Each structure stands twice: as structure tokens, then as C-alpha cells.
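What follows is calculated from the coordinates using simple rules that are stated; it is not laboratory data. The model shown is predicted, which means the values in this text are computed figures rather than measured ones. A quick note on method: Cβ atoms are made from the backbone with ideal geometry, for glycine too, and the neighbour counts reach across all protein chains shown.
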Amino acid sequence: MKKIKEKHMKDFDNIIKIVLKHEGKYVNDKHDAGGETNFGISKRSYPDVDIKNLTKSDAISIYKRDYWDRYKVESLPKELWHIYFDMCIHMGNSRAVKILQKSAVNRGRKIKIDGRLGRNTRRALNGVSVNRVRAFRVRYYVELVNKKPRNEKFYYGWFRRALEV
């Protein structure tokens, strides 16, 4: 099996390019829980935004303000910035933090898995590899598909994203 390289994304501008590649452009799939989206920004989360006509620049501004800054991406070790940011976007902050916490606990760290990014969680994440987080992210997707089989059509894309981001 080919070893997956750990990518160390260093800043928002580089990371957002990868995220936008995965989020794509305008989609309105009735089977997608996200519903109507453009650049990954959903009508469900942003009911006052004209999703169909959302610009890339406006999407980037939303991501910076409502995800990068709000969820304190830069408070984590740099090697986890890209995966944490992407997971916050793709599955929500609480689930993203739980995956980080499970990754740290599985490595022998003693923290509570509560979905909150506090001081103990941030400290426990020092030395946790991106590949360890990826493994727990993929596990989450498998569990989600097992729980909701209709999501299986999205699984390969989620899996690919988990390995690339």
C-alpha cells in the first residue's frame, strides 16, 4: 500500500484552495443533506445568501470568518490546521473536534471526548499525526454510511477527500 504523505499546509490561502477543489461549484442534490450549495456554502446554513449566485470571493470570506477564525484553527498545531478546518466545514465543529479528540485519546492522551476545543484538547493534540486523524475521519464516514445507507453514494468522495486534505 502506498504511504500517504502528510501535507503540512501553512496558511489559509493555501488551505482554502484545496477545500474549494473538494467543495466544487453549484449543486442542488435532493439526496445530499447539505441541500443547495455553492462552493460548499449551503442554503440551509446561510438562508439569506443567494447561493446560486454566490461568488468564490464571497465564499472565501464566509470560510475565513465563520470557520477559520470562529473555530480558532490557528490555535492547533500547524500540521492539523488543514484537516481540522476541512472537517469543520464538512461535518461541523463538534464532530471535527471529537475526531481530533479520539485521535489523541487513541494515542494514550487522557482527555474527555466532548466536542469542545479547550486547553486540554489543544495540548493533547501536540504530536498527533495527520494520518492518525485521517484514519478516525474515515472511520466516522464508514459509521455514517452504515447508519444511513443512502449516503453510500457519497462515500468514495468523502474517503478521497479525507486522504487528500
- GNM top mover of THR55, THR37, THR121 - the chain, alpha-carbon springs below 10 Å: THR55
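In terms of the Cα gyration tensor, with a ≥ b ≥ c the square roots of its eigenvalues, is segment 47-165 rounded because a/c is under 1.5, prolate because a/b exceeds b/c, or oblate?
Details: a/c = 2.02, a/b = 1.23, b/c = 1.63.
Judged from the Cα gyration tensor, segment 47-165 comes out oblate (a/c at least 1.5, b/c at or above a/b).
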- Over all alpha-carbon pairs of segment 35-79, lay out the pair-distance distribution in 5 Å bins, whole %, shortest bin first. 5, 22, 27, 20, 13, 8, 5, 0
- Message: Just want to confirm a number: the relative contact order over segment 66-165, from Cα pairs under 8 angstrom separated by 6+ residues, in percent.
- Response: 24
- Task: Quote the charge dipole size of segment 65-165 about the Cα centre in Debye, to the nearest 20; the model charges only the Cβ of Lys and Arg (+1) and of Asp and Glu (-1).
- Result: 380
- Amide H to amide H under 5 Å from LEU117: which residues, 5+ apart in sequence or cross-chain, H placed 1.01 Å off N in plane? none
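With only alpha-carbon atoms in the gyration tensor, what are the semi-axes of the equivalent ellipsoid for segment 10-111, in Å, largest first?
Output for segment 10-111: semi-axes of 26, 15, 11 Å.
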- Item | Cα lying deepest toward the dipole's positive end in the chain, options VAL49, PHE154, SER129, charges on Cβ | SER129
- Task: Enumerate by residue number the trypsin sites (Lys or Arg not before Pro) in segment 108-165 meeting two conditions: DSSP loop (anything except H, G, I, E, B), and at most 12 other Cβ atoms within 10 Å of the site's Cβ.
- Result: LYS110, LYS112
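Which number gives the lysine pairs in segment 49-165 that have C-alpha atoms under 17 Å apart and are eight or more places apart or on different chains?
On the way: LYS56/LYS64; LYS64/LYS72; LYS64/LYS78; LYS72/LYS98; LYS98/LYS110; LYS98/LYS112; LYS102/LYS110; LYS102/LYS112.
The result is 8.
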- Query: What full-extension length gain, to one decimal in nm, is calculated for LYS72 and ALA135 as 0.36 nm per residue of separation minus the Cα-Cα distance?
  - Reply: 20.4 nm
- Hey, can you grab everything whose amide H is under 5 Å from the amide H of PHE39? Only 5+ residues off in sequence or another chain; H modelled, so Pro and N-termini drop out. LYS25, TYR26
- Message: Residues of segment 59-94 with the amide nitrogen closer than 15 Å to a label point 7 Å from the Cα of ARG119, along Cα-to-Cβ, please.
- Response: none
